[in-house]
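**Q** Here you go, one structure.
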Amino acid sequence: MNNTPATYEFGDFVQTFQIEDLNIRGRLIRLDQTYAEAIKAHDYPPFIEKLVGEILVLAAVLASALKYDGVFKLQVQGDGPVSLIMADITSDGAMRACAKIREGVDPADIAEGASIPQTLGAGHMAFTVDQGPDTDRYQGITEITGATLAECAQNYFRQSEQIETAIAITADANGPSHAAGLMVQRLPMARDGEQEEENWRRAVILMSSITNKELLDPSLSATKILYRLYHEDGIRLYEQGALRHECRCSEDRVSRTLRAFPRSEIDEMAEDGLITVTCEFCRTDYVYDERRLDDLFADAAGAT
Ligand SMILES: [Zn+2]
């Protein structure tokens, strides 16, 4: 007999599922390393670390409902003390995120557990799908309405997509950085009828019976959580999609951005003869001295 206690890795994945008897589909997302690495290079106050975890999960929730080949970007912009939070995810599961505090705001003034209206204020949530230069950008936009990011997203689905959706999101970076989310969605063909109404209510009530603590509990596997909630209703699990942290910044991209400015403007921005461009996602510094700038702009002149 094996006496080793069962341990599960918290993991970084999206688990798609279907509740056959209720005609509901859903997703469970868990982020571990992806979340830890997204906040590692930053010195965020705790309430921002929590927001970053939540927006990573929300980006994974929304992106996993779409078929695309490229980059899904989610941004929430407001007039509050936090001016912007954003996350993006490639179709093969590479994620990154960041947050910006408005200039002049002291993060210490914002209480932990502050609501979205208290942190981001009034503004909007927008997402785009970038599938390369010659393809259409799918774009969704909605006003910030709701106390949490999950509520904002639910309202978006209700208003724009007209798909009944329930989303729960939670994140905690005190100790190991864990973030998780659960989403259920009514399948489009099941919109009419009393039975469907009843099924939907049941799926949402069961979903809300799981606590944030349980969603973040590494000793409860995703399978265990989902079976516990929906085993009576014919739950079917699909293959998990792996998620990971990865920044897409590169010297090449920074150089291209710099070359879009006139050289004179770049020179004005130099400090001690150096231009330093810092990636807002991973905080990598790209430093250009005068010689490198000369090369860069010589190339640019040659290219035209
Ligand atoms: Zn970067």
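Just so it is clear, none of the values below were taken in a lab; they were calculated from the coordinates. Quick caveat, the model's predicted, so the values are computed rather than measured. Heads up, the Cβs are rebuilt from the backbone with ideal geometry, glycines too, and the neighbour counts pull from every protein chain shown.
**Q** With a 10 Å Cβ neighbour count serving as the proxy for reagent exposure, in which order, fewest first, do Cys152, Cys249 appear?
**A** Going from least to most buried by this count: Cys249, Cys152.
**Q** Here's another thing I want to ask about it. With 10 angstrom as the radius, rank Lys73, Lys100, Lys50 by how many other C-beta atoms surround their C-beta, starting from the fewest.
**A** Going from sparsest to densest Cβ surroundings: Lys100, Lys73, Lys50.
**Q** Would you pull out the residues with amide H under 5 Å of Ile235's amide H, same chain only if 5 or more places away, H placed 1.01 Å from N?
**A** Those qualifying (amide H under 5 Å, at least 5 residues apart or on another chain) are Glu20.
**Q** For the chain, just the Cα set please: Rg and Dmax, both in angstrom.
**A** Spelled out, the Cα radius of gyration and Dmax of the chain are 21.8, 74 Å.
**Q** To continue, here is another question. Neighbour counts of other C-beta atoms within 10 Å: give me Val57, Val204 arranged from fewest to most.
**A** Least crowded to most crowded, the residues run Val204, Val57.
**Q** Residue separation times 0.36 nm, minus the C-alpha to C-alpha distance between Arg201 and Glu151: what's the value?
**A** In short, 16.3 nm is gained.
**Q** Let me ask something additional. What is the extension gain from His124 to Glu232, computed as 0.36 nm multiplied by their sequence separation minus the C-alpha to C-alpha distance, in nm to one decimal?
**A** 35.0 nm
**Q** For every helix of n ≥ 4 consecutive DSSP H residues, a contribution of -39,500 (n - 2.57) applies; sum these over the chain, divide by its total residues, and give [θ] at 222 nm rounded to the nearest 500 deg cm²/dmol.
**A** For the chain, the value works out to -9000 deg cm²/dmol.
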